[in-house]
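Everything below concerns the one structure shown next.
The values are calculated or read from the model by the stated rules, or taken from the named source; none is laboratory data. Every value quoted in this text rests on a predicted model; they were computed, and no experiment measured them. Keep in mind that these areas ignore ligands, DNA and RNA; they rest on the heavy atoms of the full protein, side chains included. Shrake-Rupley method; radii C 1.70, N 1.55, O 1.52, S 1.80 Å.
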Amino acid sequence: DWSSDVCSSDLSYEPLVSIVIPCYNAERWVSEAIESALGQTYANIEVIVVDDGSSDGSLRVIKQFGGKINWISTPNSGPCAARNVGLRAAGGEWIQFLDADDLLHPDKLHLSLRICENHPNVEFVWAPLLCVGEDFSLGGSAIGTSVLFDTQVTLSENALLAPYAPWAAMFRSKFLKQVGDWDELLKRWVDLEYHARIAALMPTYARLSKPLYFYREHRGMRISNSNRDHSNIHAAIES
């Protein structure tokens, strides 16, 4: 248990972290996602929201945040293209992906950077992903801040032990340049293919014991919903 290591003092390492949020028809959810990004206890962040040609009111909701975020609107080209647009716009030393219907624990970046401060060789910091329901909200939950005081940390080079890493982890931007762009030609299992490229590089990374990313399960359209159709799984694995 490295809790004393994690929480003993303010950070001396305060790099810019870019939070990249792709959005497609997430009018109901995107405001909460952005608020969870802006509500991080770590202050040196930029929030980049890429609206992928939404046909609902998503872009109107996004624009309401004004200068607090950097928003980009593109023709509908799919989730991989939206994430690539966000990555090209990002200026941070670290990158955190966040889908427009998901949420970040308020201490996610602070805790992740504390680990990086003590272990400068890690390429990303992963924490478990927790599935939540449609009505889940950070304000109405009892998540608290105790996660900072009893989180255990281990180092690993096997990224296959970090499920859903593309979302649940905060990545060093230089490392993601080695991974390469999200594959815009793939229509399904894009997260699996991207995760495979992450794992193939055998990076040293930190694994945390407490969930810091909240994946919202709902009946509406998700930007990554195409993964539910298994018809192209062999193409993804082959890639």
What ranking of Trp71, Trp29 comes out by heavy-atom accessible area, probe 1.4 Å, highest first? Trp71, Trp29
Return the lysines within reach of Lys108: Cα separation strictly under 28 angstrom, same-chain partners fewer than 8 residues apart disregarded; answer none if there are no such residues. Lys63, Lys68, Lys174, Lys177, Lys210
When the Kirkwood radius is taken over all Cα pairs of the stretch 15-152, what Stokes-Einstein diffusion coefficient follows at 4 °C and 1.567 mPa s, in µm²/s? 83 µm²/s
Hey, what's the Kirkwood Rh for the stretch 162-216 if you take every pair of different alpha carbons, in angstrom? 12.3 Å
Gained length - Asp10 relative to Ala200, 0.36 nm times residue gap less alpha-carbon distance: 65.0 nm
Under 5 Å, built H, 5+ apart or other chain: amide partners of Ile72: Val49, Val50, Asp51
For the stretch 77-209, divide the Cα radius of gyration by the Kirkwood radius and give the resulting Rg/Rh value with two decimals. 0.95
The stretch 65-201 accessible area per residue, 1.4 Å probe, protein heavy atoms, integer Å², reads 42 Å²
Whole-Hz ³J(HN,Hα) for each residue in the stretch 157-170, computed from phi via Karplus 6.51 cos²θ - 1.76 cosθ + 1.60 with θ = phi - 60°, x for glycine and proline: what do you get? 10, 9, 5, 6, 8, 10, x, 6, 3, x, 9, 7, 10, 9
